[in-house]
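Comments concern the structure below.
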Amino acid sequence: MAEYAARPCCLGWDFSTQQVKVVAVDAELNVFYEDSVNFDKDLLEFGTQGGVHVHEDGLTVTSPVLMWVQALDIILERMKASGFDFSQVLALSGAGQQHGSVYWKAGASRVLTSLSPDLLLHKQLQSCFSIRDSPVWMDSSTTVQCRQLEAAVGGAQALSCLTGSRAYERFTGNQIAKIYQQNPEAYAHTERISLVSSFAASLFLGSYAPIDYSDGSGMNLLQIQDKVWSQVCLRACAPHLEEKLGSPVPSCSVVGAISSYFVQRYGFPPGCKVVAFTGDNPASLAGMKLEEGDIAVSLGTSDTLFLWLQEPMPALEGHIFCNPVDAQHYMALLCFKNGSLMREKIRDESASCSWSDFSEALRSTEMGNGGNLGFYFDVMEITPEITGRHRFSTENLQVSAFPGAVEIRALIEGQFMAKRIHAEGLGYRVMPKTKILATGGASHNRDILQVLADVFGAPVYVTDTANSACVGSAYRAFHGLAAGTDVPFSEVVKLAPNPRLAATPTPGASQVYEALLPQYAKLEQRILSQTQGPPE
Ligand SMILES: O=C(CO)[C@@H](O)[C@H](O)CF
């Protein structure tokens, strides 16, 4: 028998790069069941590494779509064997790795709508895909298509204003363009193109699920203001594309009731609602309960910022997506490649490989570091595109080294000032009610969080985001149950666990950093112009 008491619940799914994961969340928003299937470990026959195949060109990266289907079969069969009471599932939603795409072969919809409950999904869908190896977000083989798309719309900034991002190799429109150009027969035999998120929703729906606004914002195809496909972008990528994509929908949409396949095979109630699936990052924003004015800082191998934006300012860096939980607002992602590996290097060089010495250095140096500023990019940074280490003394004079403790504070203050400057460049503004949500490895270091609070002038909270995309999907499923009642998402999730306060700004912090931030920005531009050469 199941080890938990069956109760009314919602399911949250995550079809991520390395696994398919599910959580069951009850009406008090407690997670009482979770399971996952790891592609590399549990589906050896597909031979993936990290859930993907990196092709010989070193640029093309794909994942077998039937691996994703089979992983779902395994989880559902495991839940059934464990005695999970599917009849209690009121609604479900989910997330998928962003930008990946699935190509349904002509005729697949007939298979999808008439699945036999006596067979597993992957046994019935074997011939339903015109492209069996789906391009995923790690692919970087479409630079030619990116330039073609930007040229078609009037340049990179024009594309960013239209779709929320300049052209990126992993973005779906460019991937579709490559398939149309290099495999026209497969493209011609494709009746539907899904994102990974809408593909997963289609499995539960038993018909093609629509692409939601938020994940659709990661395609270089959706006009993020009007929330319609950009005709100029569609035309630039491939012919007859709009009919293959279907119409996008608000991310909070109930897209239908669960397919009879799941009712008959697993015992889901016929009225179980399927709420539009979305991208993993938008789902994580929901799972972290981010609200207007908040910012989430994921301090990992690379540092990622999730921003809640009311008035976005599309730029040539970062990505602006339609907000998954508030149709009037937006969210943004900013990625900083020199994250924890850079922090570990400076720890080893200037704190004898010791985090406690690293923390002591932060405590023993003053806010503003006596005007010493540092830029530390041992790998080519994404935001902005700079490499190398650059140090400046109080008179903006470039110096070759700092004393140990000064070096450590220069690294951390520099990393966080960059985050604030580039977030504000996308339209983010620190508000009186702003909360900073810190996650990832470095969020366990209180002294690092203190600098974060000081630089932003806002309180820092910590939360466990291990399941944020799954949990956020379950929360969105509950929100879908309230569809049509105008209940805001924040109201639906008010019972969910709240993050813990970890640091508040030191008195006087605002004065210090209001003065330092413009100086940091100016020096960053100076380095950029030195490394990129004079403008043409
Ligand atoms: O490419 C990304 C976001 O733009 C990644 O975070 C993927 O969503 C990971 F699945």
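Values quoted throughout were computed directly from the atomic coordinates according to the rules given, and no laboratory measurement underlies them. This one's a predicted model, so the numbers in the text were calculated from it and none came from an experiment. Note: ideal-geometry Cβ built from the backbone for every residue, glycine included; neighbour counts use all protein chains shown.
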- Message: With θ taken as phi - 60° and the coefficients 6.51, -1.76 and 1.60, list the Karplus ³J(HN,Hα) couplings across segment 97-103 in order, rounded to whole Hz; mark glycine and proline as x.
- Response: 3, 5, 6, x, 9, 10, 10
- Would you please classify the overall shape of segment 9-282 from the alpha carbon gyration tensor, given that a ≥ b ≥ c denote the square roots of the eigenvalues, rounded means a/c under 1.5, and beyond that prolate means a/b larger than b/c while oblate covers the rest? prolate
- Centroid-to-centroid separation of segment 435-450 and segment 342-377 [C-alpha atoms, Å]: 15 Å
- Task: Would you work out which of Ser160, Ser202, Tyr187 lies farthest towards the positive end of the dipole of segment 9-282? Charges go on Cβ: Lys and Arg +1, Asp and Glu -1.
- Result: Tyr187
- Taking amide H positions as placed 1.01 Å from N in the peptide plane, with prolines and chain starts having none, which residues 5 or more places from Thr387, or on another chain, fall under 5 Å of its amide H? Glu381
- Query: Among Phe478, Phe392, what is the fewest-to-most ranking by other Cβ atoms within 10 Å?
  - Reply: Phe392, Phe478
- Message: Please give the charge dipole size of segment 1-69, origin at the Cα centre, charges +1 on K and R Cβ atoms and -1 on D and E Cβ atoms. Round to the nearest 20 debye.
- Response: 120 debye
- Task: Based on a Kirkwood Rh over C-alpha pairs, give the Stokes-Einstein translational diffusion coefficient of segment 1-133 at 4 °C and viscosity 1.567 mPa s in µm²/s.
- Result: 80 µm²/s
- Around Phe15: net Lys/Arg minus Asp/Glu count, Cβ-Cβ under 10 Å: -1
- Based on the Cβ-Cβ distance from His189 to Glu242, what FRET efficiency comes out when R0 is 25 Å, to the nearest 0.05? 0.90
- In nm, the gap between the two label points placed 7 Å beyond Cα toward Cβ at His53 and Arg429 is 5.1 nm
- Mind running the shape call on segment 426-473? Use the C-alpha gyration tensor, a ≥ b ≥ c as the square roots of the eigenvalues: rounded below 1.5 for a/c, prolate if a/b tops b/c, oblate otherwise. oblate
- Query: From the backbone phi of segment 334-346, what are the Karplus-calculated ³J(HN,Hα) couplings (6.51 cos²θ - 1.76 cosθ + 1.60, θ = phi - 60°) in whole Hz, Gly and Pro given as x?
  - Reply: 10, 10, 10, 5, 7, x, 5, 5, 5, 5, 5, 5, 5
- Task: Could you tell me whether segment 446-536 comes out rounded, prolate or oblate from its Cα gyration tensor? Rule is a ≥ b ≥ c as square roots of the eigenvalues, rounded for a/c under 1.5, then prolate if a/b exceeds b/c, otherwise oblate.
- Result: prolate
- Message: I need to check one value: relative contact order of segment 147-304, counting alpha carbon pairs closer than 8 Å and at least 6 residues apart, in percent.
- Response: 23 percent
- Task: With the Cα gyration tensor of the chain in hand, give its eigenvalues times 5 under a square root as the equivalent ellipsoid semi-axes, listed largest first in whole angstrom.
- Result: 40, 27, 21
- Item | Per-residue [θ]222 nm for the chain (sum of -39500 (n - 2.57) over DSSP H runs n ≥ 4, rounded to 500) | -11000 deg cm²/dmol
- Message: If exposed means no more than 12 neighbouring beta carbons inside 10 Å and the site is in a DSSP loop, what's the longest run of the chain without any exposed trypsin sites (Lys or Arg not before Pro)?
- Response: 1-428
- Lys, Arg +1 and Asp, Glu -1 on Cβ, resulting dipole of segment 348-420 about Cα centre, debye, nearest 20: 220 debye
- Query: From a point 7 Å beyond the Cα of Val379 in the direction of its Cβ, which residues of segment 340-364 have a backbone N at a distance under 16 Å?
  - Reply: 340-346
- Query: Hey, what do the phi angles of segment 227-239 turn into as Karplus ³J(HN,Hα) couplings, whole Hz, using 6.51/-1.76/1.60 and θ = phi - 60°, x for Gly and Pro?
  - Reply: 6, 10, 4, 7, 4, 5, 6, 4, 4, 5, 8, 6, x
- Work out the length of the dipole vector of the chain about its Cα centre, built from +1 on the beta-carbon of each Lys and Arg and -1 on the beta-carbon of each Asp and Glu, and round it to the nearest 20 debye. 540 debye
- Query: Using every alpha carbon pair in segment 108-234, what percent of pairs falls into each 5 Å bin from 0 up to the bin containing the largest distance?
  - Reply: 2, 10, 18, 21, 19, 13, 8, 5, 2, 1, 0
- Query: Residues with beta-carbon under 14 Å from that of Leu159, excluding Leu159: net charge, scoring Lys, Arg +1 and Asp, Glu -1?
  - Reply: 0
- Query: If you average the sequence gap of Cα pairs under 8 Å that are 6 or more apart and divide by the length of the chain, what percent do you get for the contact order?
  - Reply: 15 percent
